[in-house]
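J.: I'd like to ask some things about the structure below.
The values are calculated or read from the model by the stated rules, or taken from the named source; none is laboratory data. Since we're looking at a predicted model, the values are computed, not measured. All Cβ positions, even for glycine, are placed from backbone atoms using ideal geometry, and neighbour counts span all protein chains on display. SASA here: full protein model, heavy atoms, side chains in, ligands and nucleic acids out. Shrake-Rupley method; radii C 1.70, N 1.55, O 1.52, S 1.80 Å.
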Amino acid sequence: MAVPLAQHLRTYTDEIRLVSRTPQRVNPSDTLFPANLLDAAQVDAAVAGSSIVYLTVGLPYRTKLWQEHWPVVMQNVIQACRKHQARLVFLDNIYALGYVQGTMTEETPVNPISKKGEIRARIAQQLLDETKAGNVEAVIARAPDFYGPNVKTSVIDITVIQNLKKGKKAQWLVNSEVKHSFIFTPDAGHAMALLGNNAEAYGQIWHLPTAAPALTGAEFITACAQQLGVSSKFTTLPKWMIQMAGLFVPDLKESIEMLYQYEHTYLFDSSKFEKHFGFQPTTYSEGIRLATHV
């Protein structure tokens, strides 16, 4: 999400500092700041002089690393923002909500049913507590699963778009007949830039703009295949097969506890954001056209 965010921040400023272990320039005027977010001093130096900080980092998909590193990263960023009086926009996912029967909104109770969900709930509460105490001005920006142009870490890109481009069958996890919300990454970047630069947005949780109605897995694959002019035949990977493969593939093993998101309907509501900012999310038909033709 950092790339589309940096692109949209140009609307507000040309003083953009990109921070990571190996940052890469998005805009010609970007400043690159290599830093380890587990090191408080390096985070402090990275934040110094900033008015708005966006925390969009993605840690390796390992529960043990999340347990050890996420609270440290969050605390380091909060402390730096507090010291330098910088506002904070935190990009969160919906793991902390657990299995939701119905539509996920900003008011949906936190009820994690996975270890990763418990960690996400903990760090979100960590930030909310600091916000309520008046120690930092912050926004939590939630997003569902994502897709978009040049998003190589998206499940959709790996199992659907790239397979179809290679002449292979697309793959879907567990259940292709339930509806599943996906956010278009340029919309997410645009929305985070808007949130960070609107004072009235702070102190709240916002769901980033996501198209509705959601598509089923089969519908999503069919739309991708039509754009690429290939067969829409696909394979649905049952849970037992993923569990077996997980014995040999660490990333698959780590994903097993999250498969409930593909077993059941997964609906994400962003009407609060859309109404407040007058924002119309990119339709799935247009988003899929752009995601497949890169």
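J.: Is there a residue being open to solvent by 20 Å² or more (accessible area, probe 1.4 Å), in a helix (DSSP H, G or I) and without any contact (Cβ under 8 Å) to a residue 12 or more places away in the chain anywhere in region 57-67?
T.: Yes - at least one qualifying residue is present in region 57-67.
J.: Would you mention how many residues in region 126-161 are closer than 20 Å to Val89 by Cβ, out of contact with any helix residue (DSSP H, G or I) (no Cβ under 6 Å at 6 or more places or on another chain), assigned to a helix (DSSP H, G or I) and in contact (Cβ under 8 Å) with a residue 12 or more places away in the chain?
T.: Here the count works out to 3.
J.: Considering only region 263-271, I want to know if a residue exists there that is in contact with a Phe, Trp or Tyr (Cβ under 6 Å, 6 or more places away or on another chain), modelled with pLDDT of 95 or more and closer than 24 Å to Arg62 by Cα.
T.: The initial filter retains those residues of region 263-271 that are in contact with a Phe, Trp or Tyr (Cβ under 6 Å, 6 or more places away or on another chain), namely none.
No, region 263-271 contains no residue that is in contact with a Phe, Trp or Tyr (Cβ under 6 Å, 6 or more places away or on another chain), modelled with pLDDT of 95 or more and closer than 24 Å to Arg62 by Cα.
J.: Another question, then. From the list Pro71, Pro28, Pro4, Pro23, exactly one residue is open to solvent by 50 Å² or more (accessible area, probe 1.4 Å) and of a type outside the set (Ser, Thr, Tyr). Which is it?
T.: Residue meeting the stated conditions: Pro28.
J.: Any idea which residue in region 96-115 is surrounded by the fewest Cβ atoms within 10 Å (Cβ to Cβ), counting only those that are within 16 Å of the chain's Cα centre (by Cα) and closer than 27 Å to Arg82 by Cβ?
T.: The qualifying residue surrounded by the fewest Cβ atoms within 10 Å (Cβ to Cβ) is Glu106.
J.: Out of region 218-236, which residues are touching a residue at least 60 places away in the same chain (Cβ under 8 Å), open to solvent by less than 30 Å² (accessible area, probe 1.4 Å) and either closer than 20 Å to Glu263 by Cα or touching a Lys or Arg at 6+ places or on another chain (Cβ under 6 Å) (or both)?
T.: Once the filter is applied, which keeps residues that are touching a residue at least 60 places away in the same chain (Cβ under 8 Å), open to solvent by less than 30 Å² (accessible area, probe 1.4 Å) and either closer than 20 Å to Glu263 by Cα or touching a Lys or Arg at 6+ places or on another chain (Cβ under 6 Å) (or both), region 218-236 yields Phe220, Ile221.
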